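For reference, the structure is listed below as structure tokens.
Bear in mind these aren't lab numbers, they're just calculated from the coordinates by the rules spelled out. Note that the structure is a prediction, hence the values are computed from the model and not measured. Heads up, the Cβs are rebuilt from the backbone with ideal geometry, glycines too, and the neighbour counts pull from every protein chain shown.
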Amino acid sequence: MKVKNIDYKWLLFWYLMVCFSGLYEVQLHFSKRNLFQEYQTNESETQKLEMEWRELQLDYSAFTSGQKIGLTAKEKANMKLPDSRKINLLKKDETN
């Protein structure tokens, strides 16, 4: 029986290349998973910030509409509207 001359250097080289490519693929999948988790965290934080921004816009619109100012005046300064029968309107050209 005659044994063929096999070049073990090339065989070892290709074996190592397959092993390294497998390890690289596992590391790449792990990195992808970590990045996706970070993306989900950022996405949920973005949604929370958008909700907070919408609430702030609603508060601002309520405050600028005058209703919030009137409510604050009633609660904190104990202000109230005067009796409508006691209000006297004066016109510029009218004489009393």
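Below is a table of values for the structure above.
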| read-out | value |
| --- | --- |
| Residue within the range 76-96 that is in a helix (DSSP H, G or I) and surrounded by 10 or more Cβ atoms within 10 Å (Cβ to Cβ) present | no |
| Selection within the range 60-75 - surrounded by fewer than 10 Cβ atoms within 10 Å (Cβ to Cβ) and not in a loop (DSSP other than H, G, I, E, B) | E75 |
